[in-house]
1. State whether the residues of segment 50-67 include one that is aromatic (Phe, Trp, Tyr) and modelled with pLDDT of 90 or more.
2. Can you name the residue in segment 44-84 that is under 22 Å from the mean Cα position of the chain (by Cα) and of a type in the set (D, E, K, R) and is also surrounded by the most Cβ atoms within 10 Å (Cβ to Cβ) among such residues?
3. Regarding TYR128, is this residue surrounded by 18 or more Cβ atoms within 10 Å (Cβ to Cβ) and in a strand (DSSP E or B)?
4. Out of segment 116-125, which residues are surrounded by fewer than 19 Cβ atoms within 10 Å (Cβ to Cβ) and within 23 Å of the chain's Cα centre (by Cα)?
Amino acid sequence: MLLVAVVVIAVAAFAVYRLHGVFASHDVTSTPSGAVNDIVPFNPKHVVMEVFGPPGTTATITYLDVNAQPQRADGVALPWAYDTTTTQPAVFVNVQAQGDSDSIGCRIKIDDVVKDERTVNTLNAYTYCLDKSG
(Lines give C-alpha, C1' and ligand atoms only; values in the text may rest on other atoms or scores of the structure.)
Protein backbone atom coordinates (compact mmCIF):
# COMPACT_ATOMS: atom_id res chain seq x y z
CA MET A 1 0.00 0.00 0.00
CA LEU A 2 2.83 2.39 0.89
CA LEU A 3 4.65 1.53 -2.32
CA VAL A 4 1.53 2.34 -4.41
CA ALA A 5 1.15 5.74 -2.68
CA VAL A 6 4.80 6.63 -3.38
CA VAL A 7 4.43 5.63 -7.04
CA VAL A 8 1.21 7.70 -7.42
CA ILE A 9 2.87 10.76 -5.84
CA ALA A 10 5.95 10.35 -8.07
CA VAL A 11 3.82 10.04 -11.24
CA ALA A 12 1.72 13.08 -10.24
CA ALA A 13 4.83 15.18 -9.54
CA PHE A 14 6.34 14.18 -12.89
CA ALA A 15 3.07 15.04 -14.70
CA VAL A 16 2.93 18.49 -13.06
CA TYR A 17 6.58 19.10 -13.97
CA ARG A 18 5.94 18.18 -17.62
CA LEU A 19 2.78 20.32 -17.83
CA HIS A 20 4.73 23.33 -16.55
CA GLY A 21 7.27 22.70 -19.31
CA VAL A 22 4.56 22.38 -21.99
CA PHE A 23 2.88 25.67 -21.00
CA ALA A 24 6.23 27.51 -20.62
CA SER A 25 5.76 28.53 -17.03
CA HIS A 26 9.50 28.12 -16.46
CA ASP A 27 10.36 30.75 -19.07
CA VAL A 28 11.33 33.96 -17.35
CA THR A 29 11.05 37.15 -19.32
CA SER A 30 13.93 39.39 -18.46
CA THR A 31 14.45 43.04 -19.26
CA PRO A 32 17.74 44.80 -19.77
CA SER A 33 19.13 46.11 -16.52
CA GLY A 34 17.61 49.43 -15.48
CA ALA A 35 14.87 49.40 -18.14
CA VAL A 36 12.19 48.99 -15.49
CA ASN A 37 13.23 52.23 -13.79
CA ASP A 38 13.36 54.37 -16.95
CA ILE A 39 11.16 57.45 -16.77
CA VAL A 40 9.20 58.22 -19.89
CA PRO A 41 10.14 61.80 -20.80
CA PHE A 42 7.51 64.41 -21.61
CA ASN A 43 7.57 68.14 -21.98
CA PRO A 44 6.64 70.27 -18.98
CA LYS A 45 3.99 72.92 -19.56
CA HIS A 46 4.68 76.62 -19.05
CA VAL A 47 1.41 78.27 -17.92
CA VAL A 48 0.85 82.04 -17.79
CA MET A 49 -2.40 83.76 -16.75
CA GLU A 50 -2.50 87.53 -17.20
CA VAL A 51 -4.97 90.28 -16.26
CA PHE A 52 -4.44 93.72 -17.77
CA GLY A 53 -6.15 97.09 -17.83
CA PRO A 54 -5.52 100.84 -18.03
CA PRO A 55 -2.74 102.28 -15.82
CA GLY A 56 -3.82 102.70 -12.20
CA THR A 57 -6.51 100.00 -12.36
CA THR A 58 -6.92 97.70 -9.38
CA ALA A 59 -8.82 94.44 -9.56
CA THR A 60 -10.11 91.50 -7.58
CA ILE A 61 -8.83 88.32 -9.22
CA THR A 62 -9.89 84.73 -8.61
CA TYR A 63 -8.19 81.88 -10.40
CA LEU A 64 -7.52 78.15 -10.41
CA ASP A 65 -3.83 77.35 -10.14
CA VAL A 66 -2.21 74.45 -12.04
CA ASN A 67 -3.31 72.07 -9.26
CA ALA A 68 -6.95 73.21 -9.75
CA GLN A 69 -6.98 74.90 -6.34
CA PRO A 70 -9.01 78.14 -6.10
CA GLN A 71 -7.01 81.27 -5.28
CA ARG A 72 -8.00 84.90 -4.70
CA ALA A 73 -6.11 88.19 -4.86
CA ASP A 74 -7.82 91.42 -3.73
CA GLY A 75 -6.87 94.97 -4.70
CA VAL A 76 -4.18 93.94 -7.16
CA ALA A 77 -2.59 96.63 -9.33
CA LEU A 78 -2.72 95.74 -13.02
CA PRO A 79 -1.01 94.29 -14.97
CA TRP A 80 -1.00 91.02 -12.99
CA ALA A 81 0.39 87.61 -13.99
CA TYR A 82 0.54 84.07 -12.60
CA ASP A 83 3.50 82.30 -14.19
CA THR A 84 4.41 78.68 -13.42
CA THR A 85 5.65 75.45 -14.95
CA THR A 86 4.07 72.06 -14.33
CA THR A 87 4.88 68.47 -15.24
CA GLN A 88 1.24 67.39 -15.14
CA PRO A 89 0.08 65.91 -18.46
CA ALA A 90 -2.97 68.22 -18.54
CA VAL A 91 -3.96 71.46 -16.84
CA PHE A 92 -7.32 73.13 -16.23
CA VAL A 93 -6.87 76.86 -15.64
CA ASN A 94 -9.40 79.62 -15.10
CA VAL A 95 -9.03 83.31 -14.23
CA GLN A 96 -11.75 85.86 -13.42
CA ALA A 97 -11.23 89.55 -12.71
CA GLN A 98 -13.28 92.62 -11.91
CA GLY A 99 -11.62 96.00 -11.96
CA ASP A 100 -12.41 99.55 -10.94
CA SER A 101 -11.99 100.98 -14.43
CA ASP A 102 -13.96 100.87 -17.68
CA SER A 103 -11.71 98.28 -19.32
CA ILE A 104 -10.15 94.99 -18.28
CA GLY A 105 -8.77 91.97 -20.09
CA CYS A 106 -7.36 88.52 -19.43
CA ARG A 107 -5.19 86.04 -21.28
CA ILE A 108 -4.15 82.41 -20.76
CA LYS A 109 -0.99 81.17 -22.48
CA ILE A 110 0.33 77.61 -22.35
CA ASP A 111 3.78 77.07 -23.84
CA ASP A 112 3.60 80.59 -25.36
CA VAL A 113 0.39 79.75 -27.26
CA VAL A 114 -2.61 81.95 -26.41
CA LYS A 115 -5.43 79.58 -25.41
CA ASP A 116 -8.02 82.22 -24.42
CA GLU A 117 -8.13 86.02 -24.39
CA ARG A 118 -10.95 88.45 -23.62
CA THR A 119 -11.24 92.20 -23.20
CA VAL A 120 -14.31 93.97 -21.80
CA ASN A 121 -15.11 97.70 -21.98
CA THR A 122 -17.87 98.64 -19.53
CA LEU A 123 -18.29 100.30 -16.13
CA ASN A 124 -16.50 98.26 -13.41
CA ALA A 125 -15.55 95.76 -16.08
CA TYR A 126 -15.59 92.00 -15.36
CA THR A 127 -13.90 89.37 -17.49
CA TYR A 128 -12.93 85.71 -17.41
CA CYS A 129 -10.69 83.33 -19.34
CA LEU A 130 -10.83 79.52 -19.31
CA ASP A 131 -8.74 76.74 -20.75
CA LYS A 132 -9.46 73.09 -20.06
CA SER A 133 -7.46 71.60 -22.90
CA GLY A 134 -3.93 72.43 -21.67
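The values are calculated or read from the model by the stated rules, or taken from the named source; none is laboratory data. Quantities reported herein were computed from a predicted structural model and do not represent experimental measurements. All Cβ positions, even for glycine, are placed from backbone atoms using ideal geometry, and neighbour counts span all protein chains on display.
1. For segment 50-67, residues aromatic (Phe, Trp, Tyr) and modelled with pLDDT of 90 or more: present.
2. Checked segment 44-84; the qualifying residue surrounded by the most Cβ atoms within 10 Å (Cβ to Cβ) is GLU50.
3. So TYR128 fails the test.
4. Selection gives GLU117 alone.
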